[in-house]
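J.: Got a structure for you, written out below as structure tokens; questions coming shortly.
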Protein chains: 2
Amino acid sequence: MQGFRFGGAVALALALGTAAATAQELRIAEIGSFHVGGETVTLESLPRRSITFSAGTPPLEIDPNGSFQAGQMYAQYVRLAEPEARYPLLLWHGGGLTGVTWETTPDGRPGWQMFFLRQGWDVYVSDAVERGRSGWSRYPEIFEGEPVFRTMGEGWHLFRVGPKDGWAQEAAQREAYADTRFPVEAWNQFTRQSVPRWVTTDPLIQAGYDALVQKVCPCVIVVHSQGGNFGFRAALNAPDKVKALVAIEPSGSPDPATTDVSALGNVPHLLVWGDQFEDSPFWQKIRGKLGSWAEALEKGGVRVDTLDLPSRGIEGNSHMPMMDTNSEEVAALVQAWLAEQGLMR
Amino acid sequence: MQGFRFGGAVALALALGTAAATAQELRIAEIGSFHVGGETVTLESLPRRSITFSAGTPPLEIDPNGSFQAGQMYAQYVRLAEPEARYPLLLWHGGGLTGVTWETTPDGRPGWQMFFLRQGWDVYVSDAVERGRSGWSRYPEIFEGEPVFRTMGEGWHLFRVGPKDGWAQEAAQREAYADTRFPVEAWNQFTRQSVPRWVTTDPLIQAGYDALVQKVCPCVIVVHSQGGNFGFRAALNAPDKVKALVAIEPSGSPDPATTDVSALGNVPHLLVWGDQFEDSPFWQKIRGKLGSWAEALEKGGVRVDTLDLPSRGIEGNSHMPMMDTNSEEVAALVQAWLAEQGLMR
């Protein structure tokens, strides 16, 4: 943690400001969306496929050949009538999820999309290539390999809500950390946000994000989990276009040993971490790697701040702070840091 | 066409009103989203699968068993600070597409989501089960059969933009109808909105829409193409909750011979048709069937109006009037009809 103190007074002022803003209406210039990036892929000379669409019906012959769009990415924007921030804010979700991460929380509270709109940012919420409204492509012909489906139990420990993975239909039958901030009764609702993912499509996803940056930035980018690596690389690929990068529980980064970060001198970074790391060797290892990345950034002259929530007295946050019951408290700390970087008008 | 005349004066007044509204900011109470419907499906005793995720890497053993959410549907809402309509408006897209249908047009103009917000409606845009942010499930274990991928050429004739299917990268190389209103230079951008679809999931999709109606209605529903059949059935399944149904180029309906429509007496219907039917036996046949459905509705005491755009002097509309260059003109006629039903405050 360099330079910036998340002091009690700042946090309190922001919390009060937020409470007032919640009641307030938004003045919006436009809500819209687009697809960006991707390419035309033509499949030729593939054999016709015999597909039984429905049990009991005769198989149909399908010609899989033709030209298809592949690798495009969906983004939705909400532009304010009078934004108070200097740049738009881009919200990039994590693995196996979509932009829904940033919308209403699983237990029905306004999410970070609304929070940052109310703070005066134009907000862009995107779905990574292959997920959500970005669509996906025939595999293995266009996307390599097969998609992976996360079970409803897999995230419980992975996202540090409780001490072990495994799942039961009833919330009461699942063991959560006593102080968890995740709205555990809304876990099943949260798992409805899951979408299949490939593990072979990182280059396509990165290209989509880079195309988004070229289209809508200069901007500020907030990334979560798997989005971390894409965000760090997007900043390296367009350092003049990224005015700040906030990484919420990033799960990966470029290799600190071999990456030249010197172009990032004007891209301040904030890393945000929740609680329950002591119970997760998996996350300890990731955090160690991200620590090396932060160190490499700092050595290269990049400003890096780290917001470790428990060390600020904010305990119990999961891997999903934008859904936790104190989601607005965490968002207010991020907003305070962004304001301190001179990003508000 | 019963009762209502889409007169020149009404259309002109609306067109002028719309031009004024376009410049105007929206006052928004909340933007949010949720998933509705679906169930928990547990896969057991399936053999482990050996998957090569990436060429050249050793195969990984994957356990496909576990509990999964399946059949849930995503909906996003924009609620106005002071709505001028009595009920929210639900926009349901067609086959192989998502809610993006109603957002910004492929050539970058505000879509019907914005149009109806500016007319004073709270607007809900959803993705049908299996598509977009609704996610999709392992097949054939949970979803039956295989997904279908639409080529970039398939829609050109199917959506009545030009005289035959087939596709070329350059717009100039594709033959469009001379008077088409589809923004043909944005065709490739439009195809980026395509998502895979199953042909086995109609019951899941219907259940999702029915769950949405139970959650957010009373409401008005606007359906497009494949959404038509889902909308007609949703009205039959909850006639007290659907205050009006607008079917834009519907591609199907329940069987008029065997369906009791008497419960729909308070659900006025508007059917909207574009141009170029003379060149499409496929659509002539569909329109004939829909004519039988409209007749059955009228015989059952349901008010049915039909807006045949060419017969009103509005020529060249494709199957996608919400994307055509005169999209706001068509929307204004729909709005005039809705207002005439007493649905504005």
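J.: Across segment B:130-182, which residue is farthest from A:Gly99 (Cα to Cα) among those that are among the aliphatic types (A, V, I, L, M) and either within 12 Å of chain A (Cβ to nearest Cβ) or assigned to a helix (DSSP H, G or I) (or both)? Walk me through how you get there before you give the answer.
T.: Start the filter on segment B:130-182 by keeping residues that are among the aliphatic types (A, V, I, L, M), which leaves B:142, B:148, B:152, B:158, B:161, B:168, B:171-172, B:176, B:178.
Next, from what is left, pick out any that are either within 12 Å of chain A (Cβ to nearest Cβ) or assigned to a helix (DSSP H, G or I) (or both): B:142, B:148, B:152, B:158, B:168, B:171-172.
Working: B:Ile142: 24, B:Val148: 25, B:Met152: 26, B:Leu158: 31, B:Ala168: 32, B:Ala171: 32, B:Ala172: 36 Å.
Once the filter is applied, the top-ranked residue is B:Ala172.
J.: Yes or no: segment A:74-88 includes at least one residue that is under 18 Å from A:Phe159 (Cβ atoms) and either at pLDDT 95 or above or in contact with a strand residue (DSSP E or B) (Cβ under 8 Å, 6 or more places away or on another chain) (or both). Talk me through it step by step, then tell me what you get.
T.: Just the residues of segment A:74-88 that are under 18 Å from A:Phe159 (Cβ atoms), to begin with: none.
The answer is no, given that none of the residues of segment A:74-88 is under 18 Å from A:Phe159 (Cβ atoms) and either at pLDDT 95 or above or in contact with a strand residue (DSSP E or B) (Cβ under 8 Å, 6 or more places away or on another chain) (or both).
J.: Still on this structure, please answer the following. Based on what the data block shows, is B:Glu185 assigned to a helix (DSSP H, G or I) and either among the β-branched types (Val, Ile, Thr) or away from chain A (no Cβ under 14 Å) (or both)?
T.: Criteria met by B:Glu185.
J.: Among (1) closer than 27 Å to B:Val261 by Cα; (2) open to solvent by 10 Å² or more (accessible area, probe 1.4 Å); (3) out of contact with any Phe, Trp or Tyr (no Cβ under 7 Å at 6 or more places or on another chain), there is one condition B:Val304 misses while meeting the rest; what is its number?
T.: (2)
J.: Tell me, which strands (runs of 3 or more DSSP E) wholly within segment B:229-331 include 3 or more residues that are within 19 Å of B:Trp121 (Cβ to Cβ) and either of a type outside the set (Asp, Glu) or out of contact with any Ser or Thr (no Cβ under 9 Å at 6 or more places or on another chain) (or both)?
T.: Qualifying strands (runs of 3 or more DSSP E): B:242-248, B:269-273.
J.: Sticking with this one: Residue pairs, Cβ under 6 Å, 6 or more apart or interchain, first in segment A:30-42 and facing chain B (nearest Cβ under 7 Å), second aromatic (Phe, Trp, Tyr). List them.
T.: Partner pairs satisfying both residue conditions: A:Gly32/A:Tyr77; A:His35/A:Tyr74.
J.: Next question. Please name all residue pairs, on different chains or six or more residues apart, with Cβ atoms under 6 Å, provided the first residue is in segment A:313-336 and is within 19 Å of A:Phe116 (Cβ to Cβ) and the second residue is of a type in the set (Lys, Arg) and open to solvent by 10 Å² or more (accessible area, probe 1.4 Å).
T.: A:Asn317/A:Arg181; A:Asp324/A:Arg181; A:Thr325/A:Arg181; A:Asn326/A:Arg181
J.: Of everything in segment A:153-181 that's modelled with pLDDT of 95 or more and of a type in the set (Phe, Trp, Tyr), which residue is surrounded by the fewest Cβ atoms within 10 Å (Cβ to Cβ)?
T.: The qualifying residue surrounded by the fewest Cβ atoms within 10 Å (Cβ to Cβ) is A:Tyr177.
J.: Just the residues that are facing chain B (nearest Cβ under 10 Å) and part of a loop (DSSP other than H, G, I, E, B), please, taken from segment A:43-55.
T.: Matches in segment A:43-55: A:Thr52, A:Phe53, A:Ser54, A:Ala55.
J.: Could you check segment B:192-236 and list, in sequence order, the residues that are open to solvent by 10 Å² or more (accessible area, probe 1.4 Å) and hydroxyl-bearing (Ser, Thr, Tyr)?
T.: Across segment B:192-236, the qualifying residues are B:Ser194, B:Thr200, B:Ser225.
J.: I'd like the full set of residues that are within 9 Å of chain B (Cβ to nearest Cβ) and in a strand (DSSP E or B), limited to segment A:61-71.
T.: Within segment A:61-71, A:Ile62, A:Gly66, A:Ser67, A:Phe68, A:Gln69 meet the criteria.
J.: Out of segment B:75-94, which residues are open to solvent by 10 Å² or more (accessible area, probe 1.4 Å), more than 7 Å from chain A (Cβ to nearest Cβ) and part of a loop (DSSP other than H, G, I, E, B)?
T.: Of everything in segment B:75-94, those that are open to solvent by 10 Å² or more (accessible area, probe 1.4 Å), more than 7 Å from chain A (Cβ to nearest Cβ) and part of a loop (DSSP other than H, G, I, E, B) turn out to be B:Glu82, B:Pro83, B:Glu84, B:Arg86, B:Tyr87, B:Pro88.
J.: Within segment B:116-152, can you find the residues that are among the β-branched types (Val, Ile, Thr) and surrounded by fewer than 20 Cβ atoms within 10 Å (Cβ to Cβ)?
T.: Correct list: B:Ile142, B:Val148.
J.: A follow-up question, please. Working only within segment B:210-228, note down all residues that are assigned to a helix (DSSP H, G or I) and closer than 21 Å to B:Leu343 by Cβ.
T.: B:Leu212, B:Val213, B:Gln214, B:Lys215, B:Val216, B:Gly227, B:Gly228
J.: Tell me, please, whether a residue that is buried (at least 23 other Cβ atoms within 10 Å of the Cβ) and under 22 Å from B:Ile28 (Cβ atoms) can be found in segment A:52-74.
T.: Within segment A:52-74 (the criterion being buried (at least 23 other Cβ atoms within 10 Å of the Cβ) and under 22 Å from B:Ile28 (Cβ atoms)), the answer is yes, since at least one residue qualifies.
J.: Quick one: which residue in B:Thr40, B:Thr104 is over 30 Å from A:Glu144 (Cβ atoms), outside any helix (DSSP H, G or I) and open to solvent by 20 Å² or more (accessible area, probe 1.4 Å)?
T.: Result of the check over B:Thr40, B:Thr104: B:Thr40.
J.: Continuing with the same structure: Could you tell me whether segment A:215-228 includes any residue that is more than 14 Å from chain B (Cβ to nearest Cβ) and without any contact (Cβ under 8 Å) to a residue 12 or more places away in the chain?
T.: The answer is no, given that none of the residues of segment A:215-228 is more than 14 Å from chain B (Cβ to nearest Cβ) and without any contact (Cβ under 8 Å) to a residue 12 or more places away in the chain.
J.: While we're here: I'd like the residue in segment A:1-16 that is touching a helix residue (DSSP H, G or I) at 6+ places or on another chain (Cβ under 8 Å), at pLDDT below 60 and open to solvent by less than 40 Å² (accessible area, probe 1.4 Å) and, out of all such residues, is farthest from the other protein chains (Cβ to nearest Cβ).
T.: Once the filter is applied, the top-ranked residue is A:Ala11.
The values are calculated or read from the model by the stated rules, or taken from the named source; none is laboratory data. Worth saying up front: this structure is predicted, and the values here are computed from it rather than measured. When we count neighbours, we look across all protein chains shown, and the Cβ atoms used for this are built from the backbone with ideal geometry, even at glycine. With ligands, DNA and RNA removed, areas are computed over all heavy atoms of the protein, side chains included. Shrake-Rupley method; radii C 1.70, N 1.55, O 1.52, S 1.80 Å.
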